[in-house]
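The values are calculated or read from the model by the stated rules, or taken from the named source; none is laboratory data. This is a predicted model, so every value here is computed, not measured. Cβ: placed from backbone, ideal geometry, glycine included. Neighbour counts: every protein chain shown. Calculation scope for accessible area: heavy atoms of the full protein, side chains included, ligands and nucleic acids excluded. Shrake-Rupley method; radii C 1.70, N 1.55, O 1.52, S 1.80 Å.
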Amino acid sequence: MSRVATLDSAELEGRRLASSIAMTVVLVSFSMLFASLFLGYAYYRITSPVWPPMGMSKVDLYFPTLSTFAILLSSLSFVIFKTKYLGGGSAKKTLPWLGLTIFLGLGFMFTQFSLWADLSGKGFYASSGVFQSLVYAFTWIHAAHIVMAILALVWLVPTTLKNECTITEENKVNNIGKFWHFLGVIWLLMYFIIFVI
Amino acid sequence: MAFYEQHIHPKPTTFISKYIFSFDHKVIGKQFLWYGILGLGLGGIMALMIRWALAFPGEAFPLIGQFMFPETGGVIPPDTYAMLFTMHGTIMIFYAITPILIGAFGNFCIPLMIGARDMAFPLMNMLSFHLAVLSAALLVISLFVPLGAAASGWTAYPTLSTLIGSPGTGQTFWAVAIFVLGISSTMGAINYITTVITLRAPGMGYFDMPLTVWGLWLTAILNAIFLPVLGAGGLLLVFDRVFGTQFFLAGAAATSGTGDPVLFQHVFWIFGHPEVYILILPAWGMVSDILSFFSRKPAFGAKATALSMTSITILSTLVYGHHMYTTQLSPLLTQTFMTLTMTISIPSAIFFANWLGTLWKGSIRFDTPMLFSLGVVFVFGLGGLTGLYLGTVTTDLYLHDTYFVVGHFHYTMAASVLFGSFAAIYFWMPKMFGKMLNETWGKIHFWLTMLGLNGVFFGMLFIGYAGMHRRLYDPFVYEFLQHLVPINTFITWSAILMGLTQIIFVVNFVHAVFWGKDETDPNPWKVGTLEWTIPSPAPNYNFDKIPVVKCGPHELGNPNLTTGRDFQYQTEELVEA
């Protein structure tokens with residue numbers, strides 16, 4: 001908490017606001033990316049007389065459900081980490097929760113790889129048809145974002161160890177958290193729209 | 001107000017920190033300017049090659065033809081022709097106009113005009129330029145891969161752009177390059193939006209911002225919202241080409257489900273129509289300001305201009321279907337899109353009338369920036385009016401995919417935006433580089449460009465109306481088009497005139513930047529916006545002391561002024577007229 005005192009409150013407030021506005025715009029942009037994908041999904045689904053088309057069977061829900069649990073628990077664990085970190089908790093108290101978040105994030109990726117292996121084992125390839133294309137393209141694009149977000153979470157480890165929470169660290173933790181929760185929400189949408197219904 | 005003062009960092013000293021890894025918005029602006037001018041040159045040469053093939057089919061392209069196409073003796077081959085119009089469109093839109101208007105002048109003008117020391121996120125600003133360079137590198141590589149560059153038009157419609165239509169890797173490189181450029185522009189947009197909201201100088205409300213900043217800000221908002229849509233379309237296209245997914249494969253419906261090429265058109269135009277406004281809004285803003293500055297009058301209805309630009313921004317997101325009237329959309333949809341499209345005429349007419357109102361009874365100074373701005377008023381008027389024929393379903397069914405479309409979008413997107421860019425370059429040159437461009441050569445540049453440009457694009461309206469389709473390698477194999485050879489030749493000569501005229505500009509620009517006389521007057525155009533209150537070229541971190549804004553940007557020609565000037569700076573207390 002050392003540097004905060006040296007900044008005047010206008011700059012503190014300004015940097016907090018700038019960071020939050022920018023992150024909002026970032027999330028709007030990413031939402032539009034996924035919204036376009038969902039638009040494509042809706043377009044194919046509405047124009048197809050039966051779904052999944054051409055007698056394709058639905059995807060087994062086992063691995064997607066595991067993924068859902070992993071990402072929801074990781075979001076929860078991040079919330080606990082953030083509360084403790086911004087509350088001024090020491091590295092000893094905060095780091096395990098960040099570690100748990102990263103572990104669950106990796107767990108999510110593990111279930112995704114298992115899903116892909118399982119699907120291709122059943123002859124369900126990206127090139128088999130548009131339903132397969134949709135399942136793979138959605139999970140690939142989402143997983144690519146998850147990888148970026150896990151790297152960002154790992155980037156928080158040295159921040160946590162530094163044990164000093166200025167406005168820079170506060171913004172970093174808040175923004176990475178928003179991105180992580182955002183990906184969780186997108187996964188939930190994908191889970192219900194693509195796998196469940 | 002969410003204002004805060006940024007810290008002053010020491011001035012960079014080494015070449016690398018100053019010109020390559022620079023955080024300074026002014027340097028990044030200049031980098032984008034050079035990048036865009038190079039793009040203009042490359043895209044321009046491609047345009048001349050396209051025109052050459054149309055006017056003189058079967059004749060060797062002069063000078064460089066022999067080196068480029070030795071196997072045909074210098075004649076442009078048909079597949080190369082398709083690559084040329086594809087890359088011409090791509091380069092001009094994404095690698096010339098976008099970097100100049102949004103990259104260069106967005107970066108340069110926004111902080112200076114709102115009284116900030118830099119962008120809100122300087123590091124992200126630098127990365128945005130580096131990504132733009134990476135994207136350009138990918139695009140240039142695509143020109144040299146086996147089977148050649150992308151050849152499916154700048155719209156990259158499937159099935160032309162799937163593996164069936166374009167088996168080479170050029171199209172994949174194209175899609176990846178556009179995706180990377182999309183990330184770069186989105187990063188810029190995040191920066192612009194945040195900067196305008198948080199870093200306006202104390203006292204500057206939204207309606208005290210110059211209209212240039214309004215235009216750039218609205219553009220940034222559209223960019224942040226709609227570039228990801230193109231990104232999604234591009235990603236799916238890359239998946240189709242590389243991983244064998246079936247999103248856009250025609251015929252996939254019959255064999256394996258519901259793959260559909262038309263989906264790409266939807267996604268493309270959901271982005272593509274706002275993109276038109278992404279390009280034109282900054283030019284509108286700049287022109288609204290420059291018309292006022294050089295008429296020595298307040299901008300007529302400046303608030304209405306800003307608000308009508310805002311309503312156009314909103315409406316532009318709802319009209320994309322007018323690009324797809326011939327794709328068997330339901331009549332309910334086409335009529336809805338037609339009505340919404342026509343609605344855009346209302347705000348457009350408002351700010352167009354405001355432009356004329358600004359000029360009315362002004363004491364107009366015909367300096368080069370003003371000439372180019374008046375040029376925008378003229379060519380945008382023509383472009384807007386021809387748009388009505390294309391926005392109407394009944395006439396569009398006939399005109400679709402003809403040269404009328406080409407003429408129309410060149411008038412709006414190319415001519416207006418190009419003139420806007422030139423106006424901006426001539427106007428902000430002293431603040432950017434501390435040098436003035438030569439006025440006489442500037443005026444010659446304007447008039448010859450105006451002549452050539454109208455020859456090209458007006459001619460295109462005629463041949464389009466006569467039924468000549470775009471993207472044909474040799475239209476004159478069709479008997480009903482053979483009588484159009486003379487007018488095509490005329491268009492090509494106009495294009496050559498316009499192309500050669502740009503040499504005047506390049507020489508003028510390069511000479512001024514490297515060998516020009518320093519401009520000693522920090523305010524040569526005698527206007528009151530914030531960037532003209534500081535020395536030229538703008539110093540490191542712009543403002544020693546952050547200015548306090550007390551009046552709007554267009555306080556000119558007030559007879560009650562006692563300062564001996566006919567304008568007042570935005571930092572001065574408003575004198576009632």
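Taking the condition within 13 Å of another protein chain (Cβ to nearest Cβ) and modelled with pLDDT under 95, does residue A:163 pass? Here the answer is no, as residue A:163 does not meet what is asked.
In region B:115-124 there is no residue matching the filter, namely being within 14 Å of chain A (Cβ to nearest Cβ) and either modelled with pLDDT of 95 or more or farther than 23 Å from residue B:22 by Cβ (or both). Taking the criterion of being assigned to a loop (DSSP other than H, G, I, E, B) and open to solvent by less than 10 Å² (accessible area, probe 1.4 Å), the residues of region B:526-543 that qualify are B:527, B:528, B:529, B:542, B:543. Is region B:153-171 home to any residue that is open to solvent by less than 10 Å² (accessible area, probe 1.4 Å), among the hydrophobic types (A, V, I, L, M, F, W, C) and under 30 Å from residue B:259 (Cα atoms)? Yes: one or more hits.
When each of B:249, B:318, B:263, B:281 is tested for being hydrophobic (A, V, I, L, M, F, W, C), more than 30 Å from residue B:559 (Cα to Cα) and modelled with pLDDT of 95 or more, the lone residue that passes is B:281.
Results for (1) open to solvent by less than 60 Å² (accessible area, probe 1.4 Å); (2) touching a Cys at 6+ places or on another chain (Cβ under 9 Å); (3) part of a helix (DSSP H, G or I); (4) not charged (D, E, K, R), shown as yes or no for each residue.
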{"residue": "B:440", "(1), (2), (3), (4)": "no, no, yes, yes"}
{"residue": "B:458", "(1), (2), (3), (4)": "no, no, yes, yes"}
{"residue": "B:461", "(1), (2), (3), (4)": "yes, no, yes, yes"}
{"residue": "B:464", "(1), (2), (3), (4)": "yes, no, yes, yes"}
{"residue": "B:483", "(1), (2), (3), (4)": "no, no, yes, yes"}
{"residue": "B:490", "(1), (2), (3), (4)": "no, no, yes, yes"}
{"residue": "B:523", "(1), (2), (3), (4)": "yes, no, no, yes"}
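Under the condition of being open to solvent by 20 Å² or more (accessible area, probe 1.4 Å), within 9 Å of chain A (Cβ to nearest Cβ) and closer than 20 Å to residue B:120 by Cα, the residues counted in region B:188-243 number 3. What number goes with the only condition from (1) within 26 Å of residue B:25 (Cα to Cα); (2) modelled with pLDDT of 90 or more; (3) under 29 Å from the mean Cα position of the chain (by Cα) that residue B:555 does not pass? It is condition (1) that residue B:555 fails. Condition first: touching a strand residue (DSSP E or B) at 6+ places or on another chain (Cβ under 6 Å) and either among the β-branched types (Val, Ile, Thr) or open to solvent by less than 10 Å² (accessible area, probe 1.4 Å) (or both). Can you find one or more residues in region B:72-94 that meet it? Scanning region B:72-94, I find at least one residue that is touching a strand residue (DSSP E or B) at 6+ places or on another chain (Cβ under 6 Å) and either among the β-branched types (Val, Ile, Thr) or open to solvent by less than 10 Å² (accessible area, probe 1.4 Å) (or both), so the answer is yes. Here is the figure for region B:164-187: residues that are of a type outside the set (Ser, Thr, Tyr) and within 11 Å of another protein chain (Cβ to nearest Cβ) total 4. Here's a check for you: in region A:123-144, which residue that is part of a helix (DSSP H, G or I) and facing chain B (nearest Cβ under 7 Å) is surrounded by the fewest Cβ atoms within 10 Å (Cβ to Cβ)? Among those residues, the one meeting the criterion is A:141.
Only one entry of A:175, A:171 meets the criterion of being touching a residue at least 12 places away in the same chain (Cβ under 8 Å), under 16 Å from the mean Cα position of the chain (by Cα) and surrounded by fewer than 19 Cβ atoms within 10 Å (Cβ to Cβ), and that entry is A:175. In region B:60-130, counting only helices (runs of 4 or more DSSP H) that sit wholly within it, the ones holding 2 or more residues that are touching a helix residue (DSSP H, G or I) at 6+ places or on another chain (Cβ under 7 Å) span B:78-90, B:107-114.
Checked against (1) in contact with a strand residue (DSSP E or B) (Cβ under 6 Å, 6 or more places away or on another chain); (2) surrounded by 20 or more Cβ atoms within 10 Å (Cβ to Cβ), residue B:296 passes all but condition (2). From the list B:134, B:147, the one residue that fits, being without any contact (Cβ under 8 Å) to a residue 60 or more places away in the chain, within 22 Å of the chain's Cα centre (by Cα) and open to solvent by 10 Å² or more (accessible area, probe 1.4 Å), is B:134. The helices (runs of 4 or more DSSP H) found entirely in region A:1-97 include none that carry 3 or more residues being open to solvent by 70 Å² or more (accessible area, probe 1.4 Å), acidic (Asp, Glu) and within 14 Å of another protein chain (Cβ to nearest Cβ).
Annotation note: Cβ proximity below 8 Å between a residue of region B:1-19 that is open to solvent by less than 90 Å² (accessible area, probe 1.4 Å) and part of a loop (DSSP other than H, G, I, E, B) and a residue that is among the aromatic types (Phe, Trp, Tyr) and at pLDDT 80 or above (sequence gap 6+ or interchain) occurs for B:6/B:541. Restricting region A:101-122 to residues that are within 14 Å of chain B (Cβ to nearest Cβ) and over 22 Å from the mean Cα position of the chain (by Cα), which is surrounded by the fewest Cβ atoms within 10 Å (Cβ to Cβ)? Going through the qualifying residues, I end up with A:120. Residues that are under 15 Å from residue B:242 (Cβ atoms) and assigned to a loop (DSSP other than H, G, I, E, B) within region B:142-155 comprise B:145, B:150, listed in sequence order.
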